[in-house]
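Data block below; observations after.
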Amino acid sequence: MSDIAKLQIGDNQYEFPLITGTENEVAIDIKTLRGATGGITTIDPGYKNTGSCQSAITFLNGEEGILRYRGYSIEELAEKADFLEVAYALIFGELPTKEQLDKFHSDIKDKSIVDDDIKKIIDAFPKNAHPMGVLSSLTSALTAFNPSSVNVDSEEDMYNSVVKILGKFPVLVAWTMRKKQGLPLNYGSKSLGYVENVLKMMFEQPNEEYVQNEVLVNALDKLLILHADHEQNCSTSTVRIVGSSHAGLFASLSAGISALWGPLHGGANQAVLEMLEAIKEDGGDTKKYMAKAKDKNDPFRLMGFGHRVYKNFDPRAKIIKVAADEVLKELGVNDPILDIAKGLEQEALNDEYFVKRKLYPNVDFYSGIIYRAMGIPVEMFTVMFALGRLPGWIAQWREMRLGKEPIGRPRQVYTGENYRAFKDISNR
Ligand code: CMC
């Protein structure tokens with residue numbers, strides 16, 4: 001294939017170089033388009049065809065259902081690595097040696113104390129505040145308690161910010177849940193692993209000794225790995241674009257959390273469970289809800305189905321489906337919601353509407369079922385997604401800053417009124 005793309009506009013022809021990625025993905029480099037054409041721009045709502053950056057972090061092939069972090073397949077990572085190893089690889093590019101991992105973990109633990117005044121902010125939220133709103137605010141508030149900005153040219157500064165947020169974020173996650181439940185805001189223990197600590201902080205009761213459940217630790221570890229990065233999705237693009245104005249890491253992450261909250265993105269895991277509950281309450285008639293999902297006059301969508309990039313299957317959903325079965329079996333949970341989920345999945349996989357549009361179950365279709373079995377409240381599901389996605393956001397922010405990317409500032413095609421003279425209020 002030629003490495004030039006030709007564009008004909010009227011009698012003028014323009015040439016643009018093609019860029020080829022390491023997995024042979026080809027993009028037309030239109031950096032010079034406006035200059036060359038005298039101001040012509042492109043339009044692509046939802047950025048369905050637009051690459052915003054070149055990135056070496058995550059490779060995703062939606063047609064073949066491939067997801068790899070730093071070249072390692074999601075299947076292998078979910079089976080053989082732990083979340084902290086994956087976080088290190090995503091952020092710094094290579095899997096850590098034993099020494100690097102031990103140091104990383106120890107540095108994270110050293111930075112995990114959150115300023116006690118944060119508790120005053122938590123106290124000010126009403127009990128019924130959505131945990132995602134609280135988490136986003138608390139992450140932003142961390143900036144106020146850690147005001148010195150990151151010198152991105154200093155490896156040490158960058159490393160310190162990374163371990164700081166990886167240490168403090170799980171505390172905020174746990175406190176967000178505990179505040180809602182009226183439980184004291186606690187800390188983990190330096191003797192525990194990262195994921196073990198998350199669970200301890202979330203579930204420890206003030207009047208009984210906390211006992212770790214290995215099934216839950218493994219299930220959460222896997223879930224967090226599966227969520228750890230997903231290239232330029234809505235929240236990650238948000239983190240990169242906010243950071244591109246040289247806003248700090250914590251402020252950029254706070255914006256990413258808000259983007260993740262929406263039901264078309266990370267909020268889908270909560271929406272899936274609420275949908276399955278509603279179907280159960282309504283007598284379990286999955287066919288009725290399939291019909292609603294297909295009815296163009298009905299805004300209802302089958303939550304947990306479809307994906308912007310996976311048009312074959314979501315490899316994360318495959319792993320999670322197996323994990324959900326294992327966890328429910330090992331915990332001895334017999335959840336009727338799972339039967340409804342399986343019924344819906346079977347019907348959708350055999351339904352022309354879904355097959356034609358290549359709508360398959362996504363990662364969120366099953367994650368909520370596991371979270372529920374673990375005793376995590378539905379409103380916390382998206383918070384758990386944020387905890388998993390944290391290393392991905394950090395890695396993408398770091399890559400963007402180290403790559404000296406320009407400020408993100410899309411163009412538009414203006415479709416409003418042409419110039420008109422100002423009308424005095426008495427003449428309107
Ligand atoms: N139920 C029913 N119809 C659907 C669904 C669904 N879940 N998803 C897409 N469609 C239809 C849509 O109506 C459209 O039909 P038509 O061509 O007749 O107009 C067609 O499929 C294409 O949909 P689209 O909205 O143009 O696709 P998109 O790539 O813009 O949206 C999506 C992707 C994930 C937002 C969408 O599939 C959706 O809303 N799914 C439900 C929400 C969900 O599960 N989100 C979690 C995504 S995975 C976690 C993450 O990474 O954030």
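The values are calculated or read from the model by the stated rules, or taken from the named source; none is laboratory data. These numbers come from a predicted model, not from an experiment. All Cβ positions, even for glycine, are placed from backbone atoms using ideal geometry, and neighbour counts span all protein chains on display.
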Going by the conditions given, is I121 at pLDDT 95 or above, aliphatic (A, V, I, L, M) and more than 26 Å from A56 (Cβ to Cβ)? yes
Conditions (1) touching a residue at least 12 places away in the same chain (Cβ under 8 Å); (2) under 28 Å from I376 (Cα atoms) -> M158 fails only (2)
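For (1) over 25 Å from the mean Cα position of the chain (by Cα); (2) closer than 15 Å to L387 by Cβ, each residue gets a yes or a no:
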position	(1), (2)
K190	yes, no
N197	no, yes
Y210	yes, no
L220	no, yes
A255	no, no
L260	no, yes
A278	yes, no
N297	yes, no
Output for the range 86-100, where each listed residue is within 18 Å of S73 (Cβ to Cβ) and assigned to a helix (DSSP H, G or I): V86, A87, Y88, A89, L90
Working only within the range 271-304, note down all residues that are under 20 Å from T382 (Cα atoms), within 11 Å of the ligand (Cβ to nearest atom) and not in a loop (DSSP other than H, G, I, E, B). A271, V272, M275
When residues of the range 56-105 are filtered for being in contact with a helix residue (DSSP H, G or I) (Cβ under 9 Å, 6 or more places away or on another chain), among the polar types (S, T, N, Q) and within 27 Å of V152 (Cα to Cα), how many remain? 2
Picking from L216, L253, L172, the residue that is at pLDDT below 95 and either away from the ligand (no atom under 16 Å from the Cβ) or surrounded by fewer than 23 Cβ atoms within 10 Å (Cβ to Cβ) (or both) would be L216
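Name the residues in the range 122-142 that are part of a helix (DSSP H, G or I) and surrounded by 17 or more Cβ atoms within 10 Å (Cβ to Cβ), would you? Give the derivation first.
Initially, the range 122-142 is screened for residues part of a helix (DSSP H, G or I), giving 122-124, 131-142.
Listed by number, the residues that qualify are I122, P131, M132, V134, L135, S136, S137, L138, T139, S140, A141, L142.
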Matching residues in the range 311-323 (in a loop (DSSP other than H, G, I, E, B) and either β-branched (V, I, T) or near the ligand (Cβ under 8 Å from one of its atoms) (or both)) number 1
Tell me, which residue of the range 384-425 that is assigned to a loop (DSSP other than H, G, I, E, B) and basic (K, R) is nearest to the ligand (Cβ to nearest atom)? R411
Of all residues making up the range 43-62, the number that are touching a residue at least 24 places away in the same chain (Cβ under 8 Å) and either surrounded by 11 or more Cβ atoms within 10 Å (Cβ to Cβ) or under 15 Å from G392 (Cβ atoms) (or both): 13
Do you know which residues across the range 159-169 are more than 10 Å from K111 (Cα to Cα) and surrounded by fewer than 20 Cβ atoms within 10 Å (Cβ to Cβ)? Y159
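Those residues that are more than 13 Å from the ligand (Cβ to nearest atom) and either under 28 Å from V322 (Cβ atoms) or free of Cβ contacts under 8 Å to residues at least 40 places away in the same chain (or both), I need them from the range 219-244; list them, please. Walk me through it before giving the result.
The initial filter retains those residues of the range 219-244 that are more than 13 Å from the ligand (Cβ to nearest atom), namely 219-222, 224-225, 239-244.
Matches in the range 219-244: A219, L220, D221, K222, L224, I225, V242.
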Spans of helices (runs of 4 or more DSSP H) in the range 324-383 with at least 3 residues touching a Phe, Trp or Tyr at 6+ places or on another chain (Cβ under 8 Å) and in contact (Cβ under 8 Å) with a residue 60 or more places away in the chain: 363-373
Against the conditions (1) in contact with an Asp or Glu (Cβ under 9 Å, 6 or more places away or on another chain); (2) outside any helix (DSSP H, G or I); (3) of a type outside the set (F, W, Y), where does D221 fall short? Just the number, please. (2)
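Restricting to the range 259-270, give me the number of residues that are in contact (Cβ under 8 Å) with a residue 40 or more places away in the chain, near the ligand (Cβ under 7 Å from one of its atoms) and outside any helix (DSSP H, G or I). Give the steps one after another, and end with the answer.
Of all residues in the range 259-270, those in contact (Cβ under 8 Å) with a residue 40 or more places away in the chain come to 260-261, 263, 266-270.
From the residues that got through so far, the ones that are near the ligand (Cβ under 7 Å from one of its atoms) too are 263, 266, 268.
Among the residues that remain, those that are also outside any helix (DSSP H, G or I) are: 263, 266.
Counting residues in the range 259-270 that are in contact (Cβ under 8 Å) with a residue 40 or more places away in the chain, near the ligand (Cβ under 7 Å from one of its atoms) and outside any helix (DSSP H, G or I) gives 2.
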Scan (1) within 12 Å of the ligand (Cβ to nearest atom); (2) farther than 24 Å from Y47 by Cα; (3) exposed (fewer than 14 other Cβ atoms within 10 Å of the Cβ) for the single condition R357 breaks and write down its number. (2)
